[in-house]
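One structure is given here, and the rest of the page talks about it.
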Ligand SMILES: [Zn+2]
C-alpha cells in the first residue's frame, strides 16, 4: 500500500521554536518532512516487515532533523512504517542523499 504524499511544513509558534528550525549552512535539511509517498533514499525492497504478521510494512512518514541544535547524526531523517493489519510501527534513521 502506498499513501499519497503530503508535504509537511514546520510552523514554529514561539521565538524559541523559530530559532531551532533549520540549518545555518544547509537550506534543504530540516525541510524534508512528509506523510506517505516514498521515503528518500530507501527502496521498497528495504521496507521492514511486521514482526507479527511477517508482511512488508507501509511507509507512513519521513521526519527530518529539526536543525543544527537537534541534528540527527549529520542531517539524517527518521523513516516511520506501520502495519495496517495489527498497527505495530517501526522507525529508523536513514542517511539521504538529498541534502
Ligand atoms: Zn502486523
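Some points to look at:
- Placing pseudo-labels 7 Å out from each Cα toward the beta carbon at residue 90 and residue 28 gives an inter-label distance of 2.7 nm.
- Distance between the modelled labels on residue 44 and residue 74, one decimal in nanometres: 3.1 nm (7 Å Cα→Cβ projection).
- Rotationally averaged projected area of the range 6-94 (alpha carbon convex hull; nm²): 6.5
- Helices in the chain, meaning DSSP H runs of at least 4 residues, each add -39500 (n - 2.57). Divided by all residues, the mean residue ellipticity at 222 nm is -500 deg cm²/dmol.
- The chain: antiparallel DSSP beta bridges as a percent of all, rounded to 5: 95
- Estimated distance in nm for a label pair at residue 63 and residue 19, the labels positioned 7 Å out from Cα along Cα-to-Cβ: 2.3
- For residue 51 and residue 5, the FRET efficiency from 1/(1 + (r/R0)^6), where r spans their Cβ atoms and R0 equals 22 Å, is about 0.25.
Read-outs throughout are calculated quantities, based only on the coordinates presented, and are distinct from any laboratory measurement. Here the structure is a predicted model, which is why all the values come from computation and not from measurement. Note that each Cβ is placed from the backbone with ideal geometry, even for glycine, and that neighbours are counted across all protein chains shown.
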